[in-house]
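What follows is a short report on a single structure.
The values are calculated or read from the model by the stated rules, or taken from the named source; none is laboratory data. Since we're looking at a predicted model, the values are computed, not measured. Here the Cβ positions follow ideal geometry from the backbone for every residue, glycine too, while neighbour counts run over all protein chains shown.
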Amino acid sequence: MSIQVEHLYKQFRVHVRQAGWTGAVRSLFKREIRTVEAVRDISFTIPSGEIVAFLGPNGAGKTTTIKMLAGLLYPSSGSIQVAGYVPFEQKAEFKKIMSLVMGQKSQLIWDIPPMETFLVNKAIYEIEDRAFRQTLDELVELLELEELLTKPTRSLSLGQRMKCELAAALLHRPKVLFLDEPTIGLDVHTQEKVRRFIGQYNREHRTTVLLTSHYMGDVTALCDRVLIINHGKLLYDGELDMLTEKLTPYKLLEVQLSSIPDISWDAYGELVDAKEGKVTLRVPRERIHEVSSRFLQLFDVRDLNIEDPPMEEVITLAFQEDAHVS
Amino acid sequence: MFRKYSVLLRMKYVEMFAYRLATIVWMTGAMVQPLITMMVWMNIDPDQENAFIFYFAALIFVERMTSAWDVWELEREIREGTFSYQIVRPFHPIHWAIAENIVYKALFLVILIPAWGLLAVFIPALRLDQIGAAQWLLFFCALLLAAVIRFLFSYTFGLLGFWVTKVTALYGMFEAVSLFLSGRIAPMSLLPPFLKTISFYLPFRYMVGFPIEILTGSVQGMDIVYGFGLAAVWCMFFMLAVLLLWKAGLRKNQAVGG
């Protein structure tokens, strides 16, 4: 097992400050401290080589968990093992086999070109000259970095910078890769590129990848398995397809007809939309065969399409129906 | 270790040149306060004019060679969360700070030494021909210790950033005390006796004043030995403080920001 997490908890103590003048003065004399439970009893395992997505709304506890896995945060209780190491022990051997990329933070040195950061990483990760050359060449090609290496980091666009961040994080060929919102703020085209790169890298190097994202595109493109977390609790751990079946026990049936007959659709399913000859129905999964064949018998069908409901909808449901998923 | 340092030094060197103007402004700006203080003292006691010129010129040199800005950097990095990337990499962040100090101070050195030489041609008070080899050796040892203590002092406060968000405010208070007790406002010999006694035991004298006193010859014999003893004690104290605060701070770390 590459990553093993058992009964993980993290509490933060935060100062509560009232707004306004009196609140500011009051907080000088009496500081109210509130405990926030960011992560509550999370357990999961990820075998090596797997790529898994961590999904959850803002403030769900995804980043906190990733930071604990990378050894940045000290868990309040519970145990973590990553490739056989306990992350918070801060062992150099552990740091050499893992990498962390945070979409909102930069490890590149701001005022000088990315190549300088790469060289610093080469030294501190003790990468051999040949291995460094080889890896760098590969990354430069895959991520199309050639032109960017010698420009000061601050003059790069967000997308260009993110590609360099990924390269900087992968130079030492980590076995475990934590990606916290790697595509945040990127345009659709660049998102797609970064996504394709991560997928390819995972396949070729059997790197274990745990990624968090707000974009469903990232998740559907890269991961079969998802972990859904909200209010610090793990709600679902399993395949993406299974989640869809569990949460949305219906499929969408789209039928293109020559004309829309004036009948009640209740016998077939729940009507979503009917216009310009196209009827869209929400049909229970177990009835989809029966309903579609009845359509073909009874109506002049020009086109028929059966689809799962959009992923966004599934996830929204997952976040709402805390109890039903797990 | 040596290879890692050589790469870090090179990187900091490149980075320093990215901020050419800032570096120059910062360096010359720091000379204003000692120069004005010097003129004030020369006005108060014109007989001692030459002694003041030498003292404050030495002060500017020692100030630049020992000044530490690490608390500002650390506070910013911890508060903004960029420190996280230093923690997850397999090399202690203090090495980055040490490399930066070495590079900047090497630059100050190559500028200040020729500048002193040039000024000494026109200002006899700055000539160094009276100073013996042993005195030079003691001076450089004291200077090195001063740089180390001041760096560790600043880094210690920086690490407090894990607990206090605006730790530079706290540091500023100590800096104000240090201004008087380190010999930056007035030579040690001019302090009232009770302040002199206090400053003998506190770390501030060993951050700036002590090397200058060796150079001007105002500290002699056994007092030099005691001075080095106390400097060594403070040096070890802050090393221990950095070590302990680092361990405790990581547990406290909130690794802020998404």
Name the residue that is nearest to residue A:37 (Cα to Cα), counting only residues in the range A:194-235 that are more than 13 Å from the chain's Cα centre (by Cα) and among the hydroxyl-bearing types (Ser, Thr, Tyr).
A:208
Residues that are away from every other protein chain (no Cβ under 12 Å) and hydrophobic (A, V, I, L, M, F, W, C): find the helices (runs of 4 or more DSSP H) completely inside the range A:41-153 holding 3 or more of those.
A:129-143
Scan the range B:22-35 for residues that are surrounded by fewer than 11 Cβ atoms within 10 Å (Cβ to Cβ) and either of a type in the set (Val, Ile, Thr) or over 17 Å from residue B:179 (Cβ atoms) (or both) and report the count.
3
Within the range B:17-38, can one find any residue that is farther than 21 Å from residue B:175 by Cα, among the hydroxyl-bearing types (Ser, Thr, Tyr) and in contact with a Ser or Thr (Cβ under 8 Å, 6 or more places away or on another chain)?
no
Go through the range B:173-189 and give me each residue that's assigned to a loop (DSSP other than H, G, I, E, B) and either at positive phi or in contact with a Lys or Arg (Cβ under 8 Å, 6 or more places away or on another chain) (or both).
B:182, B:183
Going by what's in this entry, would residue A:238 be described as under 15 Å from the mean Cα position of the chain (by Cα), closer than 18 Å to residue A:47 by Cβ and without any contact (Cβ under 8 Å) to a residue 60 or more places away in the chain?
yes
Give all pairs with beta carbons closer than 7 Å in which a residue from the range B:200-224 that is surrounded by fewer than 24 Cβ atoms within 10 Å (Cβ to Cβ) meets a residue that is among the charged types (D, E, K, R); count only pairs at least 6 apart in sequence or on separate chains.
B:219/B:213
Wholly enclosed helices (runs of 4 or more DSSP H) of the range B:1-103 bearing at least 1 residues hydroxyl-bearing (Ser, Thr, Tyr)
B:2-18, B:20-29, B:32-44, B:49-66, B:84-87
Just to check your reading of the model, which residue among A:314, A:283, A:226 is among the β-branched types (Val, Ile, Thr), closer than 27 Å to residue A:194 by Cβ and not in a helix (DSSP H, G or I)?
A:226
When residues of the range A:206-239 are limited to those that are closer than 19 Å to residue A:68 by Cβ and among the polar types (S, T, N, Q), the one modelled with the lowest pLDDT:
A:213
Looking at the range B:67-101 only, could you name the residues that are more than 14 Å from chain A (Cβ to nearest Cβ), out of contact with any Phe, Trp or Tyr (no Cβ under 8 Å at 6 or more places or on another chain) and crowded, with 18+ Cβ neighbours inside 10 Å?
B:67, B:75
Is at least one residue of the range A:145-163 of a type in the set (Asp, Glu) and free of Cβ contacts under 8 Å to residues at least 60 places away in the same chain?
yes
Would you please name the residue that is modelled with the lowest pLDDT, looking only at residues in the range B:60-84 that are under 22 Å from the mean Cα position of the chain (by Cα) and among the aromatic types (Phe, Trp, Tyr)?
B:69
From the option list A:141, A:93, single residue qualifying as closer than 16 Å to residue B:87 by Cβ and either outside the structural domain of residue A:62 (by TED's automatic domain parsing) or exposed (fewer than 15 other Cβ atoms within 10 Å of the Cβ) (or both) is A:93
Filtered residue count, the range B:225-258, keeping only those that are at pLDDT 95 or above, buried (at least 17 other Cβ atoms within 10 Å of the Cβ) and of a type in the set (Gly, Ala, Ser)
3
Can you find a residue in the range B:163-186 that is in contact (Cβ under 8 Å) with a residue 60 or more places away in the chain, within 30 Å of residue A:89 (Cβ to Cβ) and hydroxyl-bearing (Ser, Thr, Tyr)?
yes
Going through the range B:1-34 one residue at a time, which ones are touching a Phe, Trp or Tyr at 6+ places or on another chain (Cβ under 7 Å) and either away from chain A (no Cβ under 12 Å) or hydrophobic (A, V, I, L, M, F, W, C) (or both)?
B:8, B:16, B:27, B:34
Which condition from (1) within 11 Å of chain B (Cβ to nearest Cβ); (2) under 22 Å from residue A:181 (Cα atoms); (3) among the basic types (Lys, Arg) is the one that residue A:13 breaks?
(2)
